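The values are calculated or read from the model by the stated rules, or taken from the named source; none is laboratory data. Values in this document were obtained by computation on a predicted structure and should not be read as measured data. Positions of Cβ are backbone-derived with ideal geometry, glycine not excepted, and every protein chain shown enters the neighbour counts. These area figures cover heavy atoms from the full protein model, side chains too; ligands, DNA and RNA do not enter into them. Shrake-Rupley method; radii C 1.70, N 1.55, O 1.52, S 1.80 Å.
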Amino acid sequence: MSDAAKIENPASFSWADDAETPTTEKTQDQAAPASAPAQEAAPAATEAKPAEDASVEQSQTDGASEWQMGSALLEPEFDVNVKLNDLQADPDSPLFSVKNFSDLNLPEALNKGLASLNFHKPSKIQERALPLLLKNPAENLIGQSQSGTGKTAAFTLNILARTDTSVNKPQAIAIAPTRELARQILGVVQIMGQFMDGLKTYCAVPDPSQRNKQVDAHVVVGTPGTVMDLIRRRQLDASGVKVLVLDEADNMLDLQGLGDQSKRVKKLLPPHVQTVLFSATFPERVLAFCSVFAPNANTITLEQNKLTVEGIKQMYLDVSSDQDKYDSLLKFYGLMTIASSIIFVKRRDTASQLEKRMTAEGHHVASLTGALEGSERDSVIDRFREGSAKVLITTNVLARGIDVQSVTMVINYDIPETADRKADPETFLHRVGRTGRFGKVGVALTLVHDRTSWQQFQEICQYLNIQPTKLDTGDWDNVERVVKQIIKSSRNANKGMEA
Ligand SMILES: Nc1ncnc2c1ncn2[C@@H]1O[C@H](COP(=O)(O)OP(=O)(O)OP(=O)(O)O)[C@@H](O)[C@H]1O
């Protein structure tokens, strides 16, 4: 039995080298992300290494919440701090926060788009951000809200509301750290904008079939390297761009390659472009460059005392050694029926070994890492979304932003750590946020196998105020009982929400 057993009573933790008290705007000390050997490599020639390659990310947490039961909507209720750049702004104005999408006076085509997505009521971030985003003249915005709370729809509505399809030029660009996230955002733009006459969109991710083609679109969503190349090669006419959005903005501005490319993209756009930055996490040091990147921005940040992941039931599996991790994982999968899950590992080779071994055991598994070509990555994520692969094994490449509603469990096979091998609670938070989306209840399992992983997990639990349930591999009958109960109660909670 490892020391991990001590986690059972987190209230009794003692922190020798106590991390700084977390705040929404503070971060743990992080080394500049560096690719550890055998971790992810750049997926495409012109792209900066995205999050996966850096293998580690910043450490910031988002707020969470009590769960609020609404009619058809169970949204995490959390407090946000809103700081307006305009001292004249009136927070009592009804437009300061809207309770209904109809209060926004959006064009009819967008109201229809919202209805087609079954969005009846705005989430808290949408309530707060949309009136600020839609103001004229346009103002910059830095917006933070926890994972799965609808940031994409907030910036997409603003993009589409500012797009005039009678002008045949790109008018908005959204950039994201990975091709998967860019493709996902583009999907939201297309569904939300489906009733706008003549709307044309373009996905700017590395794609050999698009080489040298002119971009003929009103809205472009992509990764920053490709967007930058398209503008520089004059395949994308940026002269009419009015809105620039950075999703996962802290990651985009923090990682060296992505940060440089994002800054270059902005320099290639008209000077008064509305700059919108969204993320669940904004470490303080990144927030400082955010304010330079998006000057005089209205800011929406989370209350600092809400740094938890309450909607996600946390468990940990205490295994005796690194070698034992695989057998324990397999045993775990053998006991449970899990609708759809994501397993996060640190290294590509671990991902491919797990994929081979689990496939040999009859599991429907897919693996997505930066080792794959772009088109292969697209087909893996598509297979997972449509449910033909039930288990997705991946690195930090998919830690952020990916929204697959069916994911009921996230497994940290390897604990997320920074480049200097410290616990990385922020990446933990983004990873586990792939489940429990938009108020659903999710389940997360973390494997601890030695003193280091145990200490790192303790730090993460302390930082995020998590009290995990221990699963003891010495008693698999009990593991089965406990996990089945947890899965059942989360399923029931989610059913209640859908009812
Ligand atoms: N107003 C709404 N009503 C119902 N569902 C919504 C609403 N807004 C967003 N959603 C749904 O919530 C889910 C999460 O949204 P989204 O992916 O935008 O979250 P996010 O805040 O960007 O998360 P992350 O920080 O992980 O990127 C999506 O499936 C989206 O369709």
For this session: Grab the alpha carbons of region 252-307, take their convex hull, and tell me the volume per residue in Å³.
Result: 83 Å³
Exercise. Given 0.36 nm per residue, what is the gain on full extension from residue 165 to residue 357 after removing their alpha carbon distance, in nm?
Worked result: 64.1 nm
For this session: Counting only heavy atoms of the protein chains, get the accessible area per residue of region 79-302 (1.4 Å probe) and round it to a whole Å² value.
Result: 39 Å²
Exercise. Once the Cβ-Cβ distance between residue 323 and residue 489 is put in as r, and R0 is 30 Å, what FRET efficiency do you end up with, to the nearest 0.05?
Worked result: 0.35
For this session: Report ³J(HN,Hα) in whole Hz for each residue of region 256-265, in order, from the Karplus equation J = 6.51 cos²θ - 1.76 cosθ + 1.60 where θ = phi - 60°; Gly and Pro get x.
Result: 4, x, 4, x, 4, 5, 4, 5, 5, 4
Exercise. Are there trypsin sites (Lys or Arg not before Pro) in region 321-428 that DSSP puts in a loop and that have at most 13 other Cβ atoms within 10 Å, and which ones?
Worked result: 421
For this session: Hey, can you grab everything whose amide H is under 5 Å from the amide H of residue 302? Only 5+ residues off in sequence or another chain; H modelled, so Pro and N-termini drop out.
Result: 81
Exercise. For region 79-302, rounded, prolate or oblate, judged on the Cα gyration tensor with a ≥ b ≥ c (square roots of eigenvalues), a/c < 1.5 rounded, else prolate if a/b > b/c?
Worked result: oblate
Exercise. Over 25 Å between Cα atoms, which of 124/484; 390/484; 124/470; 99/169; 135/440; 356/390 qualify?
Worked result: 124/484; 124/470; 99/169; 135/440
Exercise. Given a 1.4 Å probe and the protein chains all in place, what does the accessible area of residue 367 round to, in Å² to the nearest 10?
Worked result: 10 Å²
